[in-house]
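Just below is one structure, and these are the notes that go with it.
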Amino acid sequence: MEILMSILIGVLITAGTYLVMSRSLLRIILGTSVIGHGALLLLLTTAGLKEGAPPITNIEALTYADPLPQALILTAIVINFATTGFFLVLAYRAYKELGTDDMDKLRGIDDE
Amino acid sequence: MKVNDVILQTVTKIVVFIIFTFAFYLFFAGHHDTGGGFIGGLMAASALVLLYLSYDIDTISKAIPINYRTLIGVGVSVSTLTGIGSILLGYPFLSHTFEYVDFPFFGEIELATSVLFEFGVLFTVVGGTLTIILSISEDV
Amino acid sequence: MNNIIILLLLIPLLTGVLLIFLRNRISAQRWLSILSLLAVGVIAAIIIQRVLNEGTMTLDLGGWEPPYGIVLVADMFAMLLVFTTVIVGICCLLYGFRTIGEEREKFYFYTFVQFLLVGVMGSFLTGDLFNLFVFFEVMLLSSYVLIALGGKKVQLRESIKYVLVNIVSSMLFLIAIAYLYGMLGTLNFAHMAIRVSEAGQDGLLTTVAIFLMLVFAIKAALLMYFWLPGSYGAPPMAIAALFAALLTKVGIYSIFRLFSVVFPHQPEITHQLLAWLGILTMIIGAIGAVAHWSLRKILAYNVVVAVGFMIAGFAVFTTTAIAGSVFYLIHDMFVKALLFILGGIMIGLTGTDKLREMSGMIRNHASLGWMFFIAALALAGVPPLSGFIGKLLVLQGAIGEGFYIIAAVGLITSLMVLYSVVKIFINGFWGENQLTVEDEKMSTKGTLLPSAILTVIVIGMGLGAEFVNVYIMEAAEVINNPSLYIDAVMPNGE
């Protein structure tokens, strides 16, 4: 299972990096969220994958999953959600204002 | 262009309540099971977004006159105030407690202060999501 | 239990929320935001005195003891930075009152300044790596909004790059956290330190440490400074001053904290690398500062030079050098805010940031000119101003440990920095006065107060070094002796 997950994480982060490198703003935003998913899966995987046990609910449980990575992932998802939302709004405003979503045309020029 | 979306509107009227109910369920389930303020808030926000989609913004803004930016403020302050409550009572910040209370008719129910905290989270999530979505869609 | 620590974060957070409801009442917003920061400043001062007398204070949030819960740690190092942050925040706000403009004020400028300060102070106070990530994001989200606030074309264009760089580095941060959690099973600094020293810092852990170093290097503009000059040039100077004084410092603080408490066991790899990164950053920043003729760019590159110097000083890793670095860090927060505010006034007066188009301003604005001169000298480390002592201690430490190259580069870049800021002074204030009072784009009324406060602090830190030194030494002691930190957080061991 860990091997499969590692491959999946690698694929996600590769695809995300590829998207971030592209010129269209929307693809860049998608790329950041794909990288984000890769990072979260990594967090889940490195914390130890277990089958068939829920997070600890009562003290007497003999087998349980570590609840901490799940809490961390939930927090990170919320943060990703907020940043991605903000980034989308920003990209939309920039597109309206500057008339382009091509990063090549968004280079700064010193004499303005 | 006038689009005739009577089916969407009719379905929405019913489905919105189902989604709200489910959001409500998820919110309260969060104390012990899957769910919680964030997910409940997202679910409630999705119901509201569905309303905005099937009707137009003006109609819904009249029906639900809420400033979502203010809602974020309300949510954050509710969450923080629950933390301050624990300071005033002399416990570390964000300490929470719970109590089993016997209600007539309902029986014994667990009341937890962390639900109040989650209420703040719910408001913040609804406010945040709708601020983002409306600020993109408002000026098209 | 020391609930007083959380007040440092709660007051600005609640004020920020309250300001959302007072959207259209600008004077109320101004008063409240200043009052909140004054209150935080007083509380910070009280905590500093208590820490000096009684040692490091900690607060277990929600009553969960470490390593299970999140812990806030108020040691001298963090508290000095918090106190500095508050003063810088007050000065930038005072400057912002006159310059930021009603449109931004109505669009929650003050709210986001408060949230930014929550993020910055939270990052200084937290004792947990994931919580550090969260406070970083609080700070970054506020900074995204502040940098784009107003929606000018250049702001939107630069903010996209700034946001992208920071989102990617946050993802790297998350990946590093994932690896660390997988290896150590904990994210509490003190607990991690115990586990690392028990198990030994092997190659794998050092690699992850370097990965984390990379993350903070992007955030602190250590060698990976490419995003900084552009994005610090876009927003109004009140916001740029806040960023220059605070944002990169959080990255530097994280490097100081991590590589003194958790990963101090292989200095021949990690600290050596930090030293070289610092040296390269100093050189590149100084070249950038010398080469440019735009006021904003010169100031932005000066931020980069200072980052390099502090990290190089830390990498020497002796008490003297660390004390020097801490002193320089605090000095730099004040002096960068001062320089950006003064630069902002100059840009505001002339309407341009090109040095070749301004001259002779000292005729009408003598106090502005002399304050800039003092700031320039302090930045370069001319005695008796505040920059001198920091530089002296770092150089002493570096030469004592045989890091001659740090000393040499530090001295040469100081000269280049001096050249770059004196260039601003000569071009802006000497020469023929081209600007009559009527032609000026804004009035300096009210903007000289924050500059004067900061100038007095900069001079006072230099002259009163004996007094400040007590606190700095205490802070350096905590960094140099991580067991103090660990014992404070986890008094009962694991």
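The values are calculated or read from the model by the stated rules, or taken from the named source; none is laboratory data. Source: prediction; values computed, not measured. Glycine gets a Cβ as well: all are built from the backbone with ideal geometry, and neighbour counts include every protein chain shown. The area values use the complete protein model at the heavy-atom level, side chains included, leaving out ligands, DNA and RNA. Shrake-Rupley method; radii C 1.70, N 1.55, O 1.52, S 1.80 Å.
Quick look at the values:
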{"read-out": "Any hit, region B:101-120, residues being free of Cβ contacts under 8 Å to residues at least 40 places away in the same chain, in a helix (DSSP H, G or I) and either within 14 Å of chain C (Cβ to nearest Cβ) or not basic (Lys, Arg) (or both)", "value": "yes"}
{"read-out": "Given (1) over 30 Å from C:Leu342 (Cβ atoms); (2) out of contact with any His (no Cβ under 9 Å at 6 or more places or on another chain); (3) buried (at least 18 other Cβ atoms within 10 Å of the Cβ); (4) not aromatic (Phe, Trp, Tyr), number of the condition C:Pro67 does not satisfy", "value": "(2)"}
{"read-out": "Odd one out for C:Val468 among (1) in a helix (DSSP H, G or I); (2) open to solvent by less than 50 Å² (accessible area, probe 1.4 Å); (3) closer than 20 Å to C:Ala275 by Cα", "value": "(3)"}
{"read-out": "Residue count for region B:48-63, restricted to those that are among the small types (Gly, Ala, Ser) and in contact with a Ser or Thr (Cβ under 9 Å, 6 or more places away or on another chain)", "value": "1"}
{"read-out": "Scan of region C:142-165 for residues that are free of Cβ contacts under 8 Å to residues at least 60 places away in the same chain and within 20 Å of the chain's Cα centre (by Cα), ordered by number", "value": "C:Ser142, C:Tyr144, C:Val145, C:Val163"}
{"read-out": "Some residue of region C:94-104 being open to solvent by 70 Å² or more (accessible area, probe 1.4 Å), part of a helix (DSSP H, G or I) and free of Cβ contacts under 8 Å to residues at least 24 places away in the same chain", "value": "no"}
{"read-out": "From the options C:Leu35, C:Leu18, C:Leu14, residue that is open to solvent by 40 Å² or more (accessible area, probe 1.4 Å) and away from chain B (no Cβ under 13 Å)", "value": "C:Leu35"}
{"read-out": "Unmet requirement for C:Glu65, which otherwise passes all of (1) more than 9 Å from chain B (Cβ to nearest Cβ); (2) in a helix (DSSP H, G or I); (3) free of Cβ contacts under 8 Å to residues at least 12 places away in the same chain; (4) not small (Gly, Ala, Ser)", "value": "(2)"}
{"read-out": "Residues located in region B:78-99, provided they are more than 10 Å from chain C (Cβ to nearest Cβ) and open to solvent by 100 Å² or more (accessible area, probe 1.4 Å)", "value": "B:Leu89, B:Phe98, B:Glu99"}
{"read-out": "Any hit, region A:21-28, residues being open to solvent by 80 Å² or more (accessible area, probe 1.4 Å), more than 12 Å from every other protein chain (Cβ to nearest Cβ) and at pLDDT 95 or above", "value": "no"}
{"read-out": "Residue, nearest to C:Ile330 (Cα to Cα), within region C:373-402, restricted to residues that are assigned to a helix (DSSP H, G or I) and open to solvent by 50 Å² or more (accessible area, probe 1.4 Å)", "value": "C:Phe388"}
{"read-out": "Filtered residues of region C:70-93 (kept if open to solvent by 20 Å² or more (accessible area, probe 1.4 Å) and not in a helix (DSSP H, G or I))", "value": "C:Ile70"}
{"read-out": "Close pairs (6 angstrom Cβ cut-off, 6 or more residues apart or separate chains): closer than 17 Å to A:Thr32 by Cα and more than 7 Å from every other protein chain (Cβ to nearest Cβ) in region A:86-102, open to solvent by 30 Å² or more (accessible area, probe 1.4 Å) and part of a loop (DSSP other than H, G, I, E, B) anywhere", "value": "A:Asp102/A:Arg23"}
{"read-out": "Subset of region C:358-372 [open to solvent by 20 Å² or more (accessible area, probe 1.4 Å), modelled with pLDDT under 85 and in a helix (DSSP H, G or I)]", "value": "C:Ile362, C:Arg363"}
{"read-out": "Failed item in (1) more than 16 Å from C:Tyr162 (Cα to Cα); (2) at pLDDT 85 or above, with A:Gly85 passing the rest", "value": "(1)"}
{"read-out": "Filter result (of a type in the set (A, V, I, L, M, F, W, C) and open to solvent by less than 40 Å² (accessible area, probe 1.4 Å)) within region C:471-487", "value": "C:Ile472, C:Ala475, C:Ala476, C:Val478, C:Ile479, C:Ile486"}
{"read-out": "Any pair with Cβ under 6 angstrom, 6 or more apart, that starts in region B:41-70 at a residue that is more than 14 Å from chain C (Cβ to nearest Cβ) and ends at one that is crowded, with 18+ Cβ neighbours inside 10 Å and small (Gly, Ala, Ser)", "value": "B:Met43/B:Ala23; B:Ala44/B:Ala23"}
{"read-out": "Selection count, region C:159-176, where residues are under 22 Å from C:Ala209 (Cβ atoms), within 7 Å of chain A (Cβ to nearest Cβ) and out of contact with any Ser or Thr (no Cβ under 8 Å at 6 or more places or on another chain)", "value": "2"}
{"read-out": "Lone unmet requirement of (1) open to solvent by less than 100 Å² (accessible area, probe 1.4 Å); (2) over 22 Å from A:Leu74 (Cα atoms) for B:Ala112", "value": "(2)"}
{"read-out": "Of residues in region C:2-26 being more than 25 Å from the chain's Cα centre (by Cα) and free of Cβ contacts under 8 Å to residues at least 60 places away in the same chain, the one nearest to C:Val40 (Cα to Cα)", "value": "C:Asn3"}
{"read-out": "Check on C:Ser294, open to solvent by 10 Å² or more (accessible area, probe 1.4 Å), closer than 26 Å to C:Val88 by Cα and either at pLDDT below 95 or aromatic (Phe, Trp, Tyr) (or both)", "value": "yes"}
{"read-out": "Residues of region C:84-141 satisfying the condition of being in contact with a helix residue (DSSP H, G or I) (Cβ under 6 Å, 6 or more places away or on another chain), within 14 Å of another protein chain (Cβ to nearest Cβ), among the β-branched types (Val, Ile, Thr) and closer than 30 Å to C:Met192 by Cβ", "value": "C:Val118, C:Thr126, C:Val138"}
{"read-out": "Filter result (at the interface with chain C (Cβ under 8 Å from one of its Cβ atoms) and either at pLDDT 85 or above or surrounded by fewer than 18 Cβ atoms within 10 Å (Cβ to Cβ) (or both)) within region A:46-67", "value": "A:Thr46, A:Gly48"}
{"read-out": "Count - residues of region C:426-456 that are open to solvent by less than 40 Å² (accessible area, probe 1.4 Å) and among the β-branched types (Val, Ile, Thr)", "value": "3"}
{"read-out": "Per-region count, region C:250-284, residues assigned to a helix (DSSP H, G or I) and open to solvent by less than 10 Å² (accessible area, probe 1.4 Å)", "value": "21"}
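Conditions tested, residue by residue: (1) open to solvent by 30 Å² or more (accessible area, probe 1.4 Å); (2) over 26 Å from C:Asp332 (Cβ atoms).
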position	(1), (2)
C:Asn166	no, no
C:Tyr179	yes, yes
C:Met192	no, yes
C:Thr206	no, yes
C:Met213	no, no
C:Leu222	no, no
C:Phe226	yes, no
C:Thr248	no, no
